[in-house]
Amino acid sequence: MNKVFNVGLIGCGHISETYFRGHDYFNNFRIIKCADINHENSKKCAETYNINSCSVDEILNDSEVDIILNLTIPKAHYEVAKNSLESGKHVYSEKPMAVNFLDGENLLKLSKSKNLYIGNAPDTFLGGGIQKSIELINDNKIGNVRLGNAIFAYPGVQSYHPNPEPWFANNEGGPVIDMGPYYLTALVNLLGPAKSVHGISTKVFDKRVIGIGPKKDQEFDVECQTSYLVNLEFHNGALIQITLSFDVVAHQRNHIELYGDKGSMIVPDPNMFGGSVYTSNDDSGVWQEHKTDDMPLGKINITSHSGRANESPTNANYRGVGLAEMAYCIDNELEHRCSGELSLHVLDIIQSTMKAADTKTPQEIKTTFKKADYFSQEEIQKILK
C-alpha cells in the first residue's frame, strides 16, 4: 500500500478544482489545507472541499504537510516554490516552473541541495494520447522523425476568464509562456532534448475587452507579443515548426503532426490526456486510428462542462497524475517524470524562443534532460484507486 502524502495547496484559483478531483483517481495524496493571497478565496475553497484554510506561512511551517502544491500565478511560482523548499517541503507547481530561467535554475539547485523533490505541470504528456504516440515511435511505426509541425491558436483567454490581464502582461504573459509548456513538454518527451530555436513574433491588438465577470466590457492594455512562429531543432535531427497565437479566431490544423522516414503521425491535443493517435505509412490518404480510450489515463472521465476548454464531456482529464507519480517516486526513492530537469529544459526553450523572436537571432538551448521511459499501464495502476 502506498504512503498517502499530505498536500498543502497555495493558490485557490480556477485550476484548483481540477486538482481536488484528483482525490477521486489517485491513492497517494490528499489536499488537507489551502491558502491564498486573497483570504476569501481560501475560505471558499476550504468550505467547498471541507479542508482547513490558513495563511501561506502557516502551511509552509506545518509539520503535517509533506508536499506544497503551488497553483499561484506564474510570476509567483518562483517565490512560493523557493519558500517551500527552504521550509523542507517537496513542491509541485503549475506551469511554468518560473518566468525567468535563472530562477528556475536556482530552484533546481536548491531542491538538490535540500534533497527534496521538485515537480511541475504540465502532466498531460503522461496521458493516453502522448504515451500512445511515444509507444508507436518506440516501435518504429513511422521510422525516424525528421520534420513536423504544431499549432496552438485561439482568440485569447479574455472571453472566458474574469481577470485576463496577466496573460497579456510583459514578462509573464503571451502564448509561449501560457500554452508553450504543453506543446514543448510533449515534443521533448516524444523526440528528446531540443538543440536550438529560431523565432519571430507580433502583437495584433493593442487592447482587449474582458468578456465575463465583474469587469465585463472593460478594456485593458496588451503589453506582450501575442503570436509566435517558431522553428525548433532537436538533438536527434528533427526540425519542428510551431505556431503559438492568441490572435486566431478559428483553424482546422492538427495540434501536432510528425513526419518520419517511414510514415507520418497525428498526435492528439497535448493540453488533454486522451484522444486518438493516427498514423499513415503510404501516400494513399489512409490513416490508421490508434485509440486511447481503453488506457487508464485515456478514458473519458469528464461528465459536465465547467467552461474550461479542457473540461468538455468528451475529454479525459487526469491533472494531478504528475503529483501522484512524484509522491510515489518520493516514497520509493525513484526519479519522477515531471522532473525539475524536464521543467527547466522547457523553461529554457520558452525563454530562448522569446529571446530569438525579440532579437531576431537564433538561440542555442543551454540545458538538457533525460527522456523518461514509457509510462506503463503497470506503473499507472500502482497510483490509481
When every residue in the range 234-252 that is in contact with a helix residue (DSSP H, G or I) (Cβ under 8 Å, 6 or more places away or on another chain) and within 19 Å of I177 (Cβ to Cβ) is compared, the one surrounded by the most Cβ atoms within 10 Å (Cβ to Cβ) is F246
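Give the range 370-385 a look and list any residue that's small (G, A, S) and surrounded by 15 or more Cβ atoms within 10 Å (Cβ to Cβ), or say none.
Step one: list which residues in the range 370-385 are small (G, A, S), which gives 372, 376.
Residue satisfying the conditions is A372 alone.
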Mind counting the residues in the range 1-19 that are within 20 Å of R319 (Cβ to Cβ), at pLDDT 95 or above and surrounded by fewer than 18 Cβ atoms within 10 Å (Cβ to Cβ)?
2
Quick one: which of V65, V56 is without any contact (Cβ under 8 Å) to a residue 60 or more places away in the chain, under 24 Å from E325 (Cβ atoms) and crowded, with 17+ Cβ neighbours inside 10 Å?
V65
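Could you tell me whether the range 334-350 includes any residue that is modelled with pLDDT of 95 or more, among the aliphatic types (A, V, I, L, M) and surrounded by fewer than 22 Cβ atoms within 10 Å (Cβ to Cβ)? Outline the logic, then answer.
We begin by selecting, within the range 334-350, every residue modelled with pLDDT of 95 or more; these are 334-350.
Checking which are among the aliphatic types (A, V, I, L, M) leaves us with 334, 342, 344, 346-347, 349-350.
Still in the running and surrounded by fewer than 22 Cβ atoms within 10 Å (Cβ to Cβ): 334.
Within the range 334-350, one or more residues are modelled with pLDDT of 95 or more, among the aliphatic types (A, V, I, L, M) and surrounded by fewer than 22 Cβ atoms within 10 Å (Cβ to Cβ).
On the basis of being out of contact with any His (no Cβ under 8 Å at 6 or more places or on another chain) and either modelled with pLDDT of 95 or more or over 16 Å from I349 (Cβ atoms) (or both), does G263 make the cut? Lay out the reasoning, then the answer.
Numbers: out of contact with any His (no Cβ under 8 Å at 6 or more places or on another chain): yes; either modelled with pLDDT of 95 or more or over 16 Å from I349 (Cβ atoms) (or both): yes.
Yes; evaluated as a whole, the condition is true for this residue.
The values are calculated or read from the model by the stated rules, or taken from the named source; none is laboratory data. Small disclaimer: the values here were computed from a predicted structure and weren't measured. We place every Cβ from the backbone using ideal geometry, glycine too, and count neighbours over all the protein chains shown.
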